[in-house]
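Participant: My structure is below; once you've seen it, I'll send some questions.
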Amino acid sequence: TSQDRLKQQAAEAALQYVKPNTIVGVGTGSTVNFFIDALASMKNDIEAAVSSSDASTQRLRKIGIEVIELNNATEVPVYIDGADEIDEHFRMVKGGGGALTREKIIAAVAQQFICVADTSKLVGRLGQFPVPVEVIPMARSYVAREIVRLGGDPVWRQGFVTDNGNLILDIHNLDILKPVQLEEQLNNIVGVVTNGLFARRGADIALIASESGVQTRTR
Ligand code: DER
């Protein structure tokens with residue numbers, strides 16, 4: 001589709017940020033899959049990758065890139081990942097693919113977070129896309145009640161278990177005026193592992209593909 005072509009263009013533009021002989025942080029999703037496929041062209045120049053999901057790990061290994069544990073990575077200069085939404089302040093909603101916890105961990109470690117997206121992900125205000133929240137299974141109902149108190153409509157992503165063995169609640173109908181504040185409120189609910197608001201630590205660079213080309217936005 002034309003959106004796939006845009007995702008591929010954004011993904012390929014990210015190659016220029018991967019420094020030779022360094023560890024590259026790799027996110028999850030269909031845009032990142034195009035990035036992984038493009039990485040094949042420079043796989044001999046990559047020391048190794050750290051990966052945010054089993055799916056990305058398998059795709060990286062298939063093209064012959066070594067995937068190592070984050071704890072064994074001396075440094076992660078760049079992390080390339082997609083987003084479900086990104087605003088003009090580089091704040092994002094992520095987690096549509098269910099990998100938000102490991103994505104957020106690698107993003108916290110990486111020196112530069114490079115978001116690759118097609119223009120449909122650009123929003124004026126975050127929250128149209130339901131905000132995913134990873135929760136410890138026994139806390140699901142309690143967390144759902146607390147989210148209702150915050151004004152959200154939590155929907156259990158039934159049948160989905162994360163790579164960490166946890167569950168996901170997707171929060172609908174949030175009107176997010178203060179993304180950093182809401183990120184912290186969600187973090188403070190006992191039983192929440194991670195929430196999909198990447199506002200406190202957003203992206204540093206956004207590569208946004210549209211019909212007129214790939215726009216590089218720097219924070
Ligand atoms: O789940 C995620 O955070 C993914 O990065 C998602 O936000 C982007 O997925 P897409 O590239 O398939 O749209």
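Participant: Under 6 Å between Cβ atoms, at least 6 apart or on separate chains: pull out the pairs that start in the stretch 36-55 with a residue that is farther than 20 Å from Ala10 by Cα and end on any residue that is at pLDDT 95 or above and part of a helix (DSSP H, G or I).
Facilitator: Val50/Leu70; Val50/Ile106
Participant: State whether one or more residues within the stretch 198-212 are open to solvent by 20 Å² or more (accessible area, probe 1.4 Å), over 17 Å from the mean Cα position of the chain (by Cα) and either more than 16 Å from Leu122 (Cα to Cα) or among the small types (Gly, Ala, Ser) (or both).
Facilitator: So far as the stretch 198-212 goes, yes, one or more of its residues are open to solvent by 20 Å² or more (accessible area, probe 1.4 Å), over 17 Å from the mean Cα position of the chain (by Cα) and either more than 16 Å from Leu122 (Cα to Cα) or among the small types (Gly, Ala, Ser) (or both).
Participant: Related question: Restricting attention to the stretch 65-74, does a residue exist that is within 24 Å of Asp4 (Cα to Cα) and under 15 Å from the mean Cα position of the chain (by Cα)?
Facilitator: No: the stretch 65-74 contains no residue that is within 24 Å of Asp4 (Cα to Cα) and under 15 Å from the mean Cα position of the chain (by Cα).
Participant: Counting residues that are under 26 Å from Thr218 (Cα atoms), which strands (runs of 3 or more DSSP E) fully inside the stretch 77-182 reach at least 3?
Facilitator: In the stretch 77-182, 78-81, 112-118 are the strands (runs of 3 or more DSSP E) which contain 3 or more residues that are under 26 Å from Thr218 (Cα atoms).
Participant: Now, a different point. If you check Gln158, Gln128, which single one turns out to be polar (S, T, N, Q), surrounded by fewer than 22 Cβ atoms within 10 Å (Cβ to Cβ) and more than 16 Å from the ligand (Cβ to nearest atom)?
Facilitator: Gln158
Participant: While we're looking at this one, here's another question. Filter the stretch 9-27 down to the residues that are in contact (Cβ under 8 Å) with a residue 40 or more places away in the chain and open to solvent by 30 Å² or more (accessible area, probe 1.4 Å) and list them by number.
Facilitator: Correct list: Gln9, Tyr17, Lys19.
Participant: Applying the selection to the stretch 75-118, what residues are more than 13 Å from the chain's Cα centre (by Cα), open to solvent by less than 30 Å² (accessible area, probe 1.4 Å) and either near the ligand (Cβ under 10 Å from one of its atoms) or under 13 Å from Ala206 (Cα atoms) (or both)?
Facilitator: Val78, Asp87, Asp118
Table: residues versus (1) in contact with a helix residue (DSSP H, G or I) (Cβ under 6 Å, 6 or more places away or on another chain); (2) of a type in the set (A, V, I, L, M).
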| site | (1), (2) |
| --- | --- |
| Asn21 | no, no |
| Phe34 | yes, no |
| Ala38 | yes, yes |
| Ile46 | no, yes |
| Val50 | yes, yes |
| Ser56 | no, no |
| Asp87 | no, no |
| Gly95 | no, no |
| Glu103 | no, no |
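Participant: Among the residues of the stretch 183-194, how many are over 14 Å from Trp156 (Cα atoms) and either in contact with a strand residue (DSSP E or B) (Cβ under 6 Å, 6 or more places away or on another chain) or not in a helix (DSSP H, G or I) (or both)?
Facilitator: Count: 8.
The values are calculated or read from the model by the stated rules, or taken from the named source; none is laboratory data. Predicted model only: the values in this text are computed from it and were never measured. Counting neighbours? That spans all protein chains shown, and the Cβs are built from the backbone with ideal geometry, glycine included. With ligands, DNA and RNA removed, areas are computed over all heavy atoms of the protein, side chains included. Shrake-Rupley method; radii C 1.70, N 1.55, O 1.52, S 1.80 Å.
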